[in-house]
Number of protein chains: 2
Amino acid sequence: MVKIRIEVSYLEGVEDPEASTLQHNLGVLGYDSIDKTRILKIYELSFAEDEHTALGMAKAIAENLLINPVINKYDIIILGEE
Amino acid sequence: MVKIRIEVSYLEGVEDPEASTLQHNLGVLGYDSIDKTRILKIYELSFAEDEHTALGMAKAIAENLLINPVINKYDIIILGEE
């Protein structure tokens, strides 16, 4: 069994409205020294397959189901066998 | 300037409905060998302060604004000076 982490974030140059709002609101609350905010979503999936097969499945899941390639990118991190 | 990552996840034993739905739907689509799914949300904040001060601010932001302590936990990772 192998555990894989898929990190989904916005492409460079695409504005993340949730991150912008968070940064603005933190500023209103007094945290005005934060000059960059980024929000990512992480999917951790445990596969019964071996690492090579699981990696292929994780890529297919990320590209076909989890991201919108027009605005998102993803990174895959293998967290290891369990 | 220091960049800090706040990882928000569900406490052990709390069911994450989004993760459960994702796992179920992946199974329907043929990815039925995934036996555990976890979804985390990551906030990456760049602070103008030094590391020690920024860490205190990040903890306060996480505890007071980003998480619901009844169902969430958080980890803080210092990504380093910029």
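Some observations on this one:
- Axis of helix B:17-28 versus longest Cα principal axis of chain B: the two differ by about 40°, to the nearest ten degrees.
- Rel. contact order, % - alpha carbon contacts under 8 angstrom, at least six apart, chain A: 57 percent
- Share of carbon and sulfur in the accessible heavy-atom surface of segment A:2-81 [1.4 Å probe, %]: 52 percent
- With the whole protein complex present, A:GLU63 retains an accessible surface near 100 Å², based on a 1.4 Å probe.
- A 1.4 Å probe run over the protein chains yields, for chain B, 53 Å² of accessible area per residue, whole-number rounding.
- Label point distance in nm, A:LEU65-A:HIS24, each placed 7 Å from Cα along Cα→Cβ: 3.5 nm
- Relative to the longest principal axis of the Cα atoms of chain B, helix B:51-61 runs at roughly 50 degrees.
The values are calculated or read from the model by the stated rules, or taken from the named source; none is laboratory data. Since this is a predicted model, take the numbers as computed values, not measurements. Reconstructed Cβ throughout: ideal geometry from the backbone, glycine too, with neighbour counts over all protein chains shown. In case anyone asks, the SASA skips ligands and DNA or RNA and just uses the protein heavy atoms, side chains included. Shrake-Rupley method; radii C 1.70, N 1.55, O 1.52, S 1.80 Å.
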